[in-house]
Amino acid sequence: MGVTAQDNKTRLLMDQSRSGRRGATIPALDVPRSDLPPDNMLRRELDLPELSEPEIIRYFIRLSSMNYSVDTNFYPLGSCTMKYNPKINDEIARLPGFARIHPFQPEETVQGALELLHHLQDLLAEITGMDAVSLAPSAGAHGEFSGMLLFRSYHKSRGDVKRQQILVPDSAHGTNPASAAMAGFEVVEVQSDAEGNTDLEDLRSKLSDSVAGIMLTMPSTLGLFDPNVEEVCNLVHEAGGLVYGDGANMNAILGKVKLGDLGFDVVHLNLHKTFSTPHGGGGPGAGPICVKEPFSRYLPKPHVEKIGEAYRLVAPEESVGAIGSFLGNFGVLVRAFVYIRTLGADGLRAVSENAVLNANYVLARLRDKYFLPYDRSCMHEVVFSANWQKRHGVKALDIGKRLLDHGFYAPTIYFPLIVEEAMMIEPTETETLETIDEFIDAMLDIAEEAEKDPDIVIGAPYTTPVIRLDEALAARQPDLRWTER
Ligand SMILES: *Cc1c(COP(=O)(O)O)cnc(C)c1O
């Protein structure tokens with residue numbers, strides 16, 4: 001087992017090769033004939049497969065159909081919000097007036113595009129409860145980095161150069177401490193308490209006049225809404241620090257809570273999670289930052305402003321500078337705009353209600369078979385632990401692999417780091433009850449296997465094109481092309 005029939009067909013490309021078989025027709029010579037380069041510059045043996053056109057078409061189409069995507073299957077990868085994205089948003093982004101404009105075109109000739117960006121800035125400000133928005137950052141981490149530069153500029157402009165520390169909770173996404181460190185800060189970890197909230201005692205003990213601010217994820221990466229959040233913001237502000245909000249996972253609270261109302265000073269959003277661009281796979285993204293008024297003067301440039309009747313690209317007074325090229329990932333911004341406008345306020349609220357409902361449904365149906373480290377209702381995702389299965393030798397990794405045999409992508413595993421054998425499941429708002437039930441049934445089957453016949457789970461997957469990979473090797477030396485063995 002392990003190599004499927006489909007994979008055999010793909011692997012046998014070289015065996016299908018027949019000397020002299022052609023998949024392309026070379027046009028008749030219509031330029032003067034010339035000599036080949038000298039012999040020592042030519043390779044005689046290239047060992048390329050020789051195939052007919054239908055064979056090569058089938059080869060590549062088969063390969064493409066091995067891709068797993070949100071358009072083919074359920075993708076419960078927690079914190080990544082792998083949800084279905086409406087195709088109308090792609091279609092609008094592809095309109096020639098958007099897709100074919102050139103970044104060097106004069107402002108007067110791209111007023112429509114700038115108007116769209118200006119509206120999007122306003123919409124995101126409204127959604128987050130902030131005053132000004134920069135669309136320049138191209139990823140969540142990029143937004144975090146811009147936010148940290150902004151914190152630095154703010155303290156520096158007040159002559160408060162002693163503040164060199166950024167507090168980061170132990171549940172945070174790895175990009176948070178990385179962004180703070182890249183901006184030159186020292187990262188100080190803050191513990192979570194037994195309920196998964198920020199430990200207020202630990203926070204108090206770490207606050208001082210060396211603290212530039214805190215990076216707080218709302219909802220947290222444990223999928224929880226921290227009821228102490230306002231107190232956390234107050235404590236940090238009283239100590240002279242600022243509060244940064246990681247709003248990558250906004251689909252839990254759209255139309256319900258505005259981070260600006262809770263006390264956050266700067267927040268980033270992941271448009272390529274919540275607002276209709278697929279996340280993952282290294283494609284383009286956008287991580288706009290939304291700020292309260294006192295910080296708008298530091299926003300990255302260019303910023304879109306309406307001056308008289310015209311839309312202009314301007315540099316805010318004390319801008320942290322350009323952090324990327326041109327206007328960021330424009331196509332992603334168009335998709336977000338269309339997504340927000342087609343859903344409207346009620347639609348966005350429904351997104352969150354369904355995302356939260358779906359995650360709590362998964363929680364309720366799996367809680368008897370999987371250990372729930374924080375036993376309370378969750379937001380858009382639920383974090384289980386495979387500790388009960390581990391007693392039979394089955395780890396979170398094995399459960400993830402076994403899910404592949406059921407046709408599901410694996411949840412996020414081993415993150416957040418503070419949960420042993422973590423499995424972070426995010427069903428998103430776009431899945432039907434039937435699909436979620438199928439996934440839950442697969443998880444229940446696997447829990448039973450883990451008890452009765454753990455070797456089945458430990459040996460999985462059995463039905464995928466390749467079986468278990470050496471993950472470290474696969475990441476460091478990816479096998480990307482065919483080579484003769
Ligand atoms: C995805 C995510 C990020 C990082 O976003 P990128 O666009 O991948 O850089 C940061 N924080 C949280 C909580 C996330 O889920």
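Every number here is computed from the coordinates shown, using simple stated rules; none is lab data. Owing to the predicted nature of the structure, the values given are computational and were not obtained by experimental measurement. Quick reminder, even Gly has a Cβ in these numbers, built from the backbone with ideal geometry, and neighbours come from all protein chains shown.
Here are the numbers for this structure:
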read-out: Average projection area in nm² (convex hull over Cα atoms of segment 246-311, one quarter of hull surface); value: 6.2 nm²
read-out: Calculated FRET value between ASN73 and GLU45, using beta carbons and R₀ = 35 Å, to 0.05; value: 0.25
read-out: 37 °C / 0.692 mPa s Stokes-Einstein diffusion coefficient of segment 42-186, Kirkwood radius on C-alpha pairs, µm²/s; value: 157 µm²/s
read-out: Anchor LYS256: aspartates and glutamates whose Cα lies under 13 Å away (excluding residues fewer than 8 positions away in-chain); value: GLU126, ASP346, GLU353
read-out: Rounded to whole Hz, the Karplus (6.51, -1.76, 1.60) HN-Hα couplings of segment 37-50, x for glycine and proline; value: x, x, 4, 6, 9, 9, 9, 7, 10, 10, 6, 7, x, 10
read-out: Estimated vicinal HN-Hα couplings, Hz - segment 349-354 in sequence order (Karplus 6.51, -1.76, 1.60; Gly, Pro = x); value: 4, 5, 3, 5, 4, 6
read-out: Rounded to 5, the percent of DSSP beta bridges in the chain classed as antiparallel; value: 55 percent
read-out: Extended-chain gain in nm, criterion 0.36 nm per residue less alpha-carbon gap, ASP209 and LEU417; value: 72.0 nm
read-out: Kirkwood Rh and Cα Rg combined as Rg over Rh, evaluated for segment 229-361; value: 0.99
read-out: Counting DSSP beta bridges with both ends in segment 87-343, the antiparallel % (nearest 5); value: 40 percent
read-out: Percent of Cα pairs exceeding the 25 Å cut-off, where the set is segment 339-485; value: 36 percent
read-out: Built amide H within the under 5 Å cut-off of GLU381, gap 5+; value: none
read-out: Proxy reagent accessibility, fewest Cβ within 10 Å first, across PHE415, PHE60; value: PHE60, PHE415
read-out: Segment 87-343: projected area of the alpha-carbon convex hull, averaged over directions, in nm²; value: 13.5 nm²
read-out: More than 36 angstrom apart: percent of Cα pairs within the chain; value: 41 percent
read-out: Alpha-carbon centroids, segment 64-143 and segment 402-426: separation in whole Å; value: 28 Å
read-out: Segment 256-277-segment 431-464 distance, computed between alpha-carbon centres (Å); value: 34 Å
read-out: Candidate lysines for bridging to LYS395, where Cα separation is under 24 Å - those fewer than 8 sequence places away on the same chain excluded; value: LYS369, LYS452
read-out: Karplus (6.51, -1.76, 1.60) ³J(HN,Hα), θ = phi - 60°, over segment 242-254, in Hz, Gly and Pro reported as x; value: 10, 10, 9, x, 7, x, 4, 10, 5, 5, 7, 10, 3
read-out: Amide H partners (placed H, <5 Å) of GLY23, local residues excluded; value: LEU51
